[in-house]
1. Please indicate, with yes or no, whether at least one residue in the stretch 252-270 is touching a residue at least 24 places away in the same chain (Cβ under 8 Å), outside any helix (DSSP H, G or I) and among the hydrophobic types (A, V, I, L, M, F, W, C).
2. Just checking, which of N155, N168 is of a type in the set (S, T, N, Q), over 17 Å from N220 (Cα atoms) and out of contact with any helix residue (DSSP H, G or I) (no Cβ under 6 Å at 6 or more places or on another chain)?
3. Show the residue pairs meeting these rules: Cβ distance below 7 Å; 6+ apart or different chains; first residue within the stretch 214-242 and more than 11 Å from G177 (Cβ to Cβ); second residue basic (K, R) and surrounded by 12 or more Cβ atoms within 10 Å (Cβ to Cβ).
4. Keeping to the stretch 224-251, report how many residues are aromatic (F, W, Y) and part of a helix (DSSP H, G or I).
Amino acid sequence: MSASTFKRLSKIARSTWACTNCLSKKDLESNKIATTDDDSDESEEKADDIRKIIRQEIRTTMRAEVKIIVSELRKEIDDLRKQLDELKLSKQTVATFSRDISDLKTSMQFHADEQADIKKCINDISLEGSKQSSLVIDNLVAKIDSMEQQARNCNAEICNVPEKRGENLLNIIEMVGSAVRFPICQKDIVSIHRVQHATQQGNKPKNIVVKFASRILRDNLISAYRLTKTLKAEQIGLPGSSATIYINEHLTLKNKQLFRKTREVAASHNYKYVWIKNSTILVRKMDGTSTFAIRTEDDVRKIKGKDDNIVSYSASENN
């Protein structure tokens, strides 16, 4: 056996090995068998060593792989935790935004309601101001009309007196006084003149406006005229004309229009009396019925209303 072969023997084999010259055939055969067994044991040991090495390598490799996997898992978990934290932060941010938006909506609604209230207040003030302005204007117009009417308290208006060139109005008013049995002197007259009609009325003569020295003179002339009941142009020295002459208080244009409308409505409802006294329009259905004043357009409607009441009262009496 060579030295290298001997070295490859296991410790047990080397301890039991003997030279061939010293061994009998039997011993030689036994030795050969032992050598074969030793070689088998050695191979088994080598296999075990290899298996151990393989196991160790596997363990090492697996540990390394597990470490890598664990490290990656930890990293991913850390990333997930960060994302979760960011998600929580985003959720808090969204919740904050949601509260801010809700607060903003509430604030906007409050301002919208406040603006609506202000707008309503302005509209109410404007409406109230408009009503007040309209009321003030109406009152001013009524006061002006009243003042204008008061300025005419001494005036009489004579209508439908035929015109002629070179006429003397003082003579005409004196003749009117004589015709109604109320003598008039020139000293009783402050002024006298004809006035244009507010609207064109064809060939109808312009009215004569007489301003007396006092209201009593004016009222007495009108009272005498009403007692006469009818006054013709020929009675005042104007022959050739059968025109009927009318004498009334000198009204403002507004009151004239109201007087005209009152007469038309009264006539359509069979009212017997419509006249003027102290610049106030008075109406009476018939003898024995009550008298009421007409001062505005709304008062004209009273004529129909009172007429309906009279008809109802008469019907109830007949029943």
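The values are calculated or read from the model by the stated rules, or taken from the named source; none is laboratory data. Computed from a prediction, not measured in an experiment: that's the story for all the values here. A quick note on method: Cβ atoms are made from the backbone with ideal geometry, for glycine too, and the neighbour counts reach across all protein chains shown.
1. No, that holds for no residue.
2. Numbers: N155 fails: over 17 Å from N220 (Cα atoms).
On inspection, the qualifying residue turns out to be N168.
3. S242/K232
4. Taking the stretch 224-251 and keeping what is aromatic (F, W, Y), we get 225, 246.
After this cut, where a residue has to be part of a helix (DSSP H, G or I) as well, the list is 225.
Summing the residues that are aromatic (F, W, Y) and part of a helix (DSSP H, G or I) in the stretch 224-251 gives 1.
Every residue, every condition in (1) at pLDDT 75 or above; (2) out of contact with any Pro (no Cβ under 8 Å at 6 or more places or on another chain); (3) not hydrophobic (A, V, I, L, M, F, W, C), yes or no:
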| site | (1), (2), (3) |
| --- | --- |
| C19 | no, yes, no |
| L23 | no, yes, no |
| T35 | no, yes, yes |
| S40 | no, yes, yes |
| T61 | yes, yes, yes |
| D78 | yes, yes, yes |
| T96 | yes, yes, yes |
| I101 | yes, yes, no |
